[in-house]
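*Asks:* So that we are looking at the same thing, I have put the structure below in structure tokens.
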Amino acid sequence: MSSSAAASAYWRVAGMTYLKYSNLCADMVRAALKEPVKAKAKAREIIYFRQSLWKDGVPQKQVITDTTEGTAGKLS
């Protein structure tokens, strides 16, 4: 068994998707960082996305969402 096959078995056995596993690993690495690198990594976590609702084939008001808050708060 190759090393990559053995490593992937752990997250599959734990019932995790690869995305959840990689996010957990990234969170652990960020938590282990020291300042000022930790502050720079925290700044890169900020993610926004723009969403437009469509009605009758025409885009309606756009909403910008901040996903860094626990409940994805709306900015506008």
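*Asks:* Looking only at segment 32-57, count every residue that is open to solvent by 70 Å² or more (accessible area, probe 1.4 Å) and either assigned to a helix (DSSP H, G or I) or basic (Lys, Arg) (or both) and tell me the total.
*Replies:* 9
*Asks:* If only one of Asp27, Asp66 is at pLDDT below 85 and within 18 Å of the chain's Cα centre (by Cα), which one is it?
*Replies:* Exactly one residue qualifies, and that residue is Asp66.
The values are calculated or read from the model by the stated rules, or taken from the named source; none is laboratory data. Here the structure is a predicted model, which is why all the values come from computation and not from measurement. For the accessible areas, the whole protein counts, side chains as well, though only heavy atoms, and no ligand, DNA or RNA atoms are used. Shrake-Rupley method; radii C 1.70, N 1.55, O 1.52, S 1.80 Å.
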